[in-house]
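Take a look at this one; I'll ask things after.
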Amino acid sequence: MSATENADGGGGTVAYIQHHLTNLHTGEGFWTINWDTIIISILLGGVIMWMASKVKNNLESGTPGGFQNFVEMILEFVQTQVKDSFPGHNPLIAPLALTVFLWVWLMNFMDLIPVDLLPTLAAGLGIPYLKVVPTTDLNTALAMALVVFLLTVYYNIKIKGPMGYLKMFLFHPFGKAAVPANMVMTTIEELAKPLSLGLRLFGNMFAGELVFLLIALLTLGATISAGLLIWFPLQVVLDLAWLIFHILVITLQAFIFMVLTIVYLGMAHTEDH
């Protein structure tokens, strides 16, 4: 459903925004399944696997091509972040950090596709709703953050032992004299990690999507007239400016998610909290 079509149908700006922010879903409440989020996330994961397979099958030991150079640059960048932020060695951390960075970036990148393009194509195929940016779905951001959180709990117990992990709740941050306060503070601190990790990503991407929708609304309901000749060029200019800025935003959000994942897992690998 394009902006103009929505206006012609009498839906107005609210209906237009609601339509673009509605997932293709089944079920209600807790049992709701957002199929567009799941399918697009899987497809983007497949893109990462295809890229990895392509690099593996076309490795050049002499003078590598441009694509291999680009991949090696990303690998070196992620490896540097792991070395700077993670104490010791764990063979899982670097591949996990690389996967998180690439997957989150690709999901964020979907926000740069014109907001009406894929939903309009989907409508032509009989699909009423299509929300194309998985990270604007709170379920996606919190699910990834929850996986990171569960990994930190696992490594906390593995490295510190069950009693060592329990002592972290009993004696941090105020020492043995304030066990009840320590338990409350440390529990809040631990639960805040996945919440802040997921909500930061969701909030920034959701806000970016709204800006693109608001820019698209500049020509909502416009006809071939002098008004359209004024508003459409302005929309193009604003879209281009926000797109250029948003490239930095999507990259920064992927970077922050990756770095915090490394930091949280690094904290789980240290004996001290």
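In degrees from 0 to 90, rounded to the nearest 10, what is the angle of the helix 35-57 Cα long axis to the longest principal axis of the chain?
Relative to the chain, helix 35-57 is tipped by roughly 70 degrees.
Also, quick follow-up: Between Leu252 and Met73, what length comes free when the chain is fully extended (0.36 nm per residue of separation minus the Cα-Cα distance, one decimal in nm)? Walk me through the numbers before you get to the answer.
Numbers: separation 179, 0.36 × 179 = 64.44 nm, distance 1.68 nm.
In short, 62.8 nm is gained.
Report the far tail of the P(r) of the chain, meaning the percent of Cα-Cα pairs longer than 35 Å. The partial results should precede the final answer.
Working: 12005 of 37128 pairs.
That fraction is 32 percent.
Gain in length, Thr99 to Leu21, computed as 0.36 nm per residue apart minus the alpha-carbon separation, to one decimal in nm? Mind showing how you got there, number by number?
Numbers: separation 78, 0.36 × 78 = 28.08 nm, distance 2.66 nm.
Net length gain for the segment: 25.4 nm.
Could you check the spin-label model distance between Met183 and Val47? Points 7 Å from the Cα along Cα→Cβ, value in nm.
4.8
In which sequence would His89, His172, His246, His269 go, from the one with the fewest C-beta neighbours within 10 Å to the one with the most?
Numbers: His89 10, His172 15, His246 21, His269 18.
Fewest-to-most Cβ neighbours within 10 Å comes out as His89, His172, His269, His246.
Give me the net charge for the shell around Val78: Cβ to Cβ below 15 angstrom, other residues only, Lys and Arg +1, Asp and Glu -1. Intermediate values should be presented prior to the final figure.
Details: positive: Lys83; negative: Glu72, Glu76, Asp84.
That sum, taken over residues with Cβ under 15 Å, equals -2.
Can you give me the distance in nm between label points at Lys158 and Trp35, each placed 7 Å from the Cα along the Cα-to-Cβ direction?
Using points 7 Å along Cα→Cβ, the separation is 3.7 nm.
Follow-up question, since we're still on this one. With a 10 Å cut-off between alpha carbons and a GNM built on the chain, which of Thr261, Thr140, Thr99 moves the most?
Thr99
Moving on. Can you put Trp31, Trp105, Trp242 in order, fewest other beta carbons within 10 Å first?
Details: Trp31 7, Trp105 20, Trp242 17.
Ranked by crowding around the Cβ, least crowded first: Trp31, Trp242, Trp105.
Averaging sequence separations of C-alpha pairs under 8 Å and six or more residues apart, then dividing by the length of region 3-268, give the relative contact order as a whole percent.
Values: 255 pairs, mean separation 76.6, N = 266.
For region 3-268, the relative contact order is 29 percent.
At 0.36 nm per residue, minus the direct Cα-Cα distance, what do Ala192 and Thr120 gain on full extension? Give it in nm, one decimal, please.
On the way: separation 72, 0.36 × 72 = 25.92 nm, distance 3.86 nm.
22.1 nm is the gain from fully extending Ala192 to Thr120.
Report, to the nearest 10°, how far helix 66-85 tilts away from the longest principal axis of the Cα atoms in the chain, using its own Cα long axis and a range of 0 to 90°.
40
I'd like the projected area of region 83-163, averaged over all directions, using the convex hull of its alpha carbons. Report it in nm² with one decimal. Mind showing how you got there, number by number?
Numbers: hull surface 30.5 nm².
Projected area, direction-averaged: 7.6 nm².
Rule-based calculations on the coordinates, nothing more; no lab input. It should be emphasised that the depicted structure is a prediction, and the values quoted were computed from it without experimental measurement. No Cβ is skipped: glycine too gets one built from the backbone with ideal geometry, and neighbour counts run over all protein chains shown.
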